[in-house]
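Right, one structure below, let's go through it.
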Amino acid sequence: MAAAPTEDQALDAYSQAVVSVAELLAPSVANLRVLRRTRAGRVPAGAGSGIVLTPDGFLLTSAHVVAGPGRQGRAAFVDGRELAFTVVGSDALSDLAVLRAEGTDLVPAQLGDAEDLRVGQLVVAIGNPHGFAGSVTAGVVSALGRSLPARAGRAVRIIDNVIQTDAALNPGNSGGALADARGRV
């Protein structure tokens, strides 16, 4: 009688790639709870995910996650750490924001080169919504070089070279990572 395959043996190549990316990136993806200062103190004003860029606390997220004046918040990581952050800069037209968390020894995500992507290539979307440790979906690069109009108030900009994917984004994943099969964001 043949022995039952181990769990690793039972995973097909696709599953192994997704699992590997999820395990690699989970420490680099933060759950963001955005707070707004009011007369009554700090109140919740939004949530999303962010990606660690540097070990000394710089994170990248979507601008809409931290939109509004005086935004600060808390970044929670899968290792249990919860760090205060402030918004360093934000651009609504590119939907990007840089944060600075009050921490050290963070695990930065490895950045890739979008020029190396190919249509049909496997990609993995990972976020950290609502404090759950890593929400993962997978899909493919559907198209490259798309243009996307962006609006912020009266300002309008065309964003070029957008990556289109069919990887679903779970609620709270905004600002999280889209990575290739090697875990490069």
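The values are calculated or read from the model by the stated rules, or taken from the named source; none is laboratory data. A quick note: this is a predicted structure, and the numbers were derived from the prediction, not measured. So basically every Cβ, Gly included, is an ideal-geometry build from the backbone, and we count neighbours across all protein chains shown. We work out accessible area using only protein heavy atoms, side chains counted, and drop any ligands, DNA or RNA first. Shrake-Rupley method; radii C 1.70, N 1.55, O 1.52, S 1.80 Å.
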Farthest toward positive dipole pole in the chain [+1 Lys/Arg, -1 Asp/Glu at C-beta], among ALA101, ALA3, ALA177:
ALA101
Starting from the 7 Å offset along Cα-to-Cβ, what nm value, one decimal, do you get for the label separation of ALA4 and ALA84?
5.1 nm
Among VAL43, VAL141, VAL87, which one shows the highest mean-square fluctuation when the chain is modelled as a Gaussian network with alpha-carbon springs under 10 Å?
VAL43
Evaluate the distance, in nm, between pseudo-label points positioned 7 Å from the Cα of ALA40 and of THR54 along their respective Cα→Cβ axes.
3.7 nm
Expected unfolding gain across SER147-ASN161 under the 0.36 nm per residue rule, minus the alpha-carbon gap, is 4.4 nm
Pull out a ≥ b ≥ c, the square roots of the eigenvalues of the alpha-carbon gyration tensor of region 74-154, then state rounded if a/c is under 1.5, prolate if not and a/b is larger than b/c, and oblate in the remaining case.
oblate
Hull shadow area, averaged, the chain [alpha-carbon convex hull, nm²]
12.9 nm²
Residues meeting the amide H criterion for GLN121 (H placed from the backbone, H to H distance under 5 Å, 5 or more places apart or on another chain) are VAL141
About the Cα centre, and with charges only on the beta carbon of Lys, Arg (+1) and Asp, Glu (-1), how big is the dipole of the chain? Nearest 20 debye, please.
1220 debye
So the angle from the long Cα axis of helix 13-25 to the longest Cα principal axis of the chain, reported in degrees to the nearest 10, equals 40 degrees
Return the carbon/sulfur percentage of the accessible area of the chain, one whole number, probe 1.4 Å, all protein chains in place.
54 percent
For region 70-119, accessible area per residue (1.4 Å probe, heavy atoms of protein chains only), Å²
58 Å²
